[in-house]
Amino acid sequence: MTTILDGKQTANTLMTTLAQTVSDLRSQGVTPGLAVVLVGDDPASAIYVRNKQRRAESLGIRSIKETLPATTTQAALLDVIARLNQDPTVDGILVQLPLPPQIDADTVIEAIDPNKDVDGFHPVNVGRLWTHTPGVVASTPYGIMALLAHYGLDVTGMNAVIVGRSNIVGRPMAGLLLNHNATVTIAHSKTRDLAAVTRQADLLVVATGVPEFITADMVKPGAVVIDVGMDRNAAGKLVGDVDYASVAPIAGAITPVPGGVGPMTIAALMMQTVELAKRRVHA
Ligand code: NAP
């Protein structure tokens, strides 16, 4: 029997506990604050930002939205970040990507105070992850670890294969799995005989952006399969990077798309915002 790793339900459960933590913090005079900076009018980004804000508000987190026009200069954006860095009521700062072409994303990420960098993209937090010291971790891999933990899936000693090496998913996922004692392989578009590599995986995390790319012949029977992809297939339907219909019957556990990794990513953002706010209680 395949276990369906239900990210939606897990996120809802975790958020019920988190709402209580926020309420406790508020009674101690600390309202967690999350600032989301949106530059330009990319419709997908606007939806992501709205979802994050709604989730924050439903938990009692103060949500601060900074909307800037697509023509914003890098200097103007850096000014906004500097102001948020200084604001003691802001615990987490997130700049929604992608940014317009006149703005260099790396410069912007590096301008965020690492201790407010709730996306975990700042090189200081990347370094903390890879030196196994406390810091903020990218939301998607953090959410995946929370999902595995919720289902009691201990990755210790597992052969974990990650397909995809982006800064937001593949690389931080590798760091987290290593820190949790998995044996980690990162595959990518230059990997030779990918199927032979993925078939070794007890835990297979797929983040390629290629719709329904991983088929049953690439998966070890009984493997835990985590599908990060959010793609449109030829018919315009939202699908993952895993061919769910063929893989689900042979997997030991699998995330659906939608309703798997996506809700856990937002939940992770909220959890880490609250973690950052907790520091204010003792400040
Ligand atoms: P990305 O930056 O485009 O990276 C894709 C990675 O996949 C690259 O490392 C690439 O290899 C690798 N890849 C592409 N085609 C491949 C192939 N044929 N064989 C092996 N590897 C291949 O993508 P991303 O930002 O990590 O996102 C990946 C997917 O996850 C997308 O569908 C995205 O929408 C989704 N996503 C979902 C969430 C969520 O919350 N659910 C969050 C983030 C992303 P190279 O490095 O060699 O080019």
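The values are calculated or read from the model by the stated rules, or taken from the named source; none is laboratory data. Note that this is a predicted model, so its numbers are computed, not measured. Glycine gets a Cβ as well: all are built from the backbone with ideal geometry, and neighbour counts include every protein chain shown.
Just a few scattered comments:
- So Thr191, is it of a type outside the set (A, V, I, L, M), within 13 Å of the ligand (Cβ to nearest atom), at pLDDT 95 or above and out of contact with any Gly (no Cβ under 6 Å at 6 or more places or on another chain): yes
Condition check ((1) of a type in the set (Asp, Glu); (2) more than 18 Å from Ser139 (Cα to Cα); (3) within 11 Å of the ligand (Cβ to nearest atom)) across all residues:
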{"residue": "Met173", "(1), (2), (3)": "no, no, yes"}
{"residue": "Pro221", "(1), (2), (3)": "no, yes, no"}
{"residue": "Ala253", "(1), (2), (3)": "no, yes, no"}
{"residue": "Gly259", "(1), (2), (3)": "no, no, yes"}
{"residue": "Gln272", "(1), (2), (3)": "no, no, no"}
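- Criterion violated by Thr156 - all others in (1) closer than 18 Å to Met271 by Cα; (2) among the β-branched types (Val, Ile, Thr); (3) surrounded by fewer than 16 Cβ atoms within 10 Å (Cβ to Cβ) satisfied: (1)
Conditions (1) in contact with a Cys (Cβ under 6 Å, 6 or more places away or on another chain); (2) modelled with pLDDT of 95 or more; (3) not assigned by TED's automatic domain parsing to the domain that holds Gly164, marked per residue:
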residue: Gln200; (1), (2), (3): no, yes, no
residue: Phe213; (1), (2), (3): no, yes, no
residue: Ala216; (1), (2), (3): no, yes, no
residue: Pro221; (1), (2), (3): no, yes, no
residue: Leu238; (1), (2), (3): no, yes, no
residue: Ala267; (1), (2), (3): no, yes, yes
residue: Arg279; (1), (2), (3): no, no, yes
residue: Ala283; (1), (2), (3): no, no, yes
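- Subset of the stretch 229-251 (residues that are touching a strand residue (DSSP E or B) at 6+ places or on another chain (Cβ under 6 Å) and near the ligand (Cβ under 8 Å from one of its atoms)): Asp231, Gly240, Asp241
- The stretch 234-246, residues that are under 23 Å from the mean Cα position of the chain (by Cα) and in a helix (DSSP H, G or I): Tyr244
- Output for the stretch 194-206, where each listed residue is within 9 Å of the ligand (Cβ to nearest atom) and crowded, with 24+ Cβ neighbours inside 10 Å: Val206
- Given (1) within 16 Å of the ligand (Cβ to nearest atom); (2) assigned to a loop (DSSP other than H, G, I, E, B); (3) not polar (S, T, N, Q), index of the condition Pro101 fails: (1)
- Just one of the numbered conditions (1) of a type in the set (Val, Ile, Thr); (2) more than 16 Å from the ligand (Cβ to nearest atom); (3) touching a His at 6+ places or on another chain (Cβ under 9 Å) is not true of Thr183: (3).
- Within the stretch 216-249, the residues that satisfy the criterion of being surrounded by fewer than 20 Cβ atoms within 10 Å (Cβ to Cβ) and touching a residue at least 60 places away in the same chain (Cβ under 8 Å) are Ala248, Pro249.
- Among (1) in contact (Cβ under 8 Å) with a residue 40 or more places away in the chain; (2) buried (at least 18 other Cβ atoms within 10 Å of the Cβ) - the single one Asn167 does not satisfy: (2)
- Qualifying residue in the stretch 256-275 (condition: hydrophobic (A, V, I, L, M, F, W, C), in contact with a helix residue (DSSP H, G or I) (Cβ under 6 Å, 6 or more places away or on another chain), without any contact (Cβ under 8 Å) to a residue 40 or more places away in the chain and crowded, with 18+ Cβ neighbours inside 10 Å): no
- Contacts under 7 angstrom Cβ, first residue in the stretch 129-144 being within 13 Å of His180 (Cα to Cα), partner within 9 Å of the ligand (Cβ to nearest atom) and of a type in the set (Val, Ile, Thr), 6 or more apart: Pro141/Val169; Ile144/Val261
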